[in-house]
Amino acid sequence: MFKNERPVVLSIGGHDPSNGAGIGADVKTMEFLKVIGLTVCSAQTIQTDKTVRMIEWIEEDLVLGQVAALLDRFNLDSVKISMVKDLELICDCVEKIRHVSPDTRIIWDPIIESSSGYPFIQSLTNQLLREILNHVDGIIPNFSEWETIEQIMKQSPADLTKTTNTNIIVKGGHDSMNKGVDILYTPTETYEFKPFDILKGYEKHGSGCMFSTALACYLAMGHSWENATQSAKTFTYHRMVSNTSLLAYYEPDK
């Protein structure tokens, strides 16, 4: 087994040629936060920082084969799953990881469609969603994604976190009523995280990827869910104010 003093974090997701989102952006975040960053490519996209033109999904056996190879070599402290073809493959990935490494913290960033409206996951069912939620440590939907999930699950986040024993962070960047307010629901507590000064920030391609990967890194370091959420939010804010373009700079925070 690979031995190192740094935590090991795996990201399972698609490749974005602009590296503003996807596993390319995840590697930037993981290196910045000083963890060993591993990736499994689940899709190749044709896109820029503004539009998605096409997605070519990686075959299931190749995705699971990448996961299996990394499990043979590395002790995974945390795993982030994002853009994967369907819920069945997500279940298979989680099952494979849990079989080898039951204590690994697994979070799911349910990317249902791109910010430009390109659909990713189209087949969402109550049964498969509940299967995933019962076996991951947390999910991190944005407000729009949560609305979709809630319509299917017929439960509020406060109720769902208790029945599945998982943590739910509903990100507020898409919530017009509470812009930028993130809410963490745990089986026992609810925490609200106020936004920084949004007027000083600039829209960034892949901001959701930044947040979820940073969360996975802080959880791998041993932070509580509350502290990891606040730290991930702070990390993302500094990327948002790093420059005026859609692509963030990964430089030391000032």
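Details
- Using a cut-off of 19 Å between Cα atoms, the listed pairs Lys28/Lys204; Lys28/Lys85; Lys34/Lys80; Lys171/Lys204; Lys34/Lys204 include Lys28/Lys85; Lys34/Lys204 as exceeding that distance.
- Farthest towards the positive end of the charge dipole of the chain, among the residues Thr166, Gly65, Thr39, is the Cα of Thr39, using unit charges on the Cβ of Lys, Arg, Asp and Glu.
- Extension gain, Glu60 to Glu31, is 7.7 nm, computed as 0.36 nm per intervening residue step minus the present C-alpha separation.
- Note on the chain: with charges restricted to the Cβ of Lys and Arg (+1) and Asp and Glu (-1), its dipole about the Cα centre is near 600 debye.
- Each principal axis of the Cα cloud of segment 15-89 was evaluated for its coordinate range; sorted largest first, these ranges are 36, 31, 17 Å.
- Table column - 3J(HN,Hα) (Hz), segment 14-23, Karplus curve with 6.51, -1.76, 1.60, x for Gly and Pro: x, 9, 9, x, 7, 6, x, 9, x, 5
- Cα-based convex hull volume of segment 193-254 per residue, rounded to whole Å³: 82
- DSSP assigns beta bridges within segment 135-248; of those with both partners inside it, close to 70 percent run antiparallel.
- Mean residue ellipticity at 222 nm, helices only, the chain: -11500 deg cm²/dmol; runs of at least 4 DSSP H residues each add -39,500 (n - 2.57), and the sum is divided by the number of residues.
- Pair Arg98, Asp86: separation of 7 Å Cα→Cβ label points (nm): 2.0
- Rg/Rh, computed from the Cα trace of the chain with Rh as the Kirkwood radius, has the value 0.93.
- Cα-projected label distance for Asp72 with Lys50, points at 7 Å along beta-carbon direction, nm: 4.5
- Modelled label positions at Thr163 and Lys3, each set 7 Å beyond Cα in the direction of Cβ, lie 4.7 nm from each other.
Since every read-out is calculated from the coordinates, none of them should be taken as a lab result. Treat the numbers as computed from the prediction; the structure is a model and nothing was measured. Cβ: placed from backbone, ideal geometry, glycine included. Neighbour counts: every protein chain shown.
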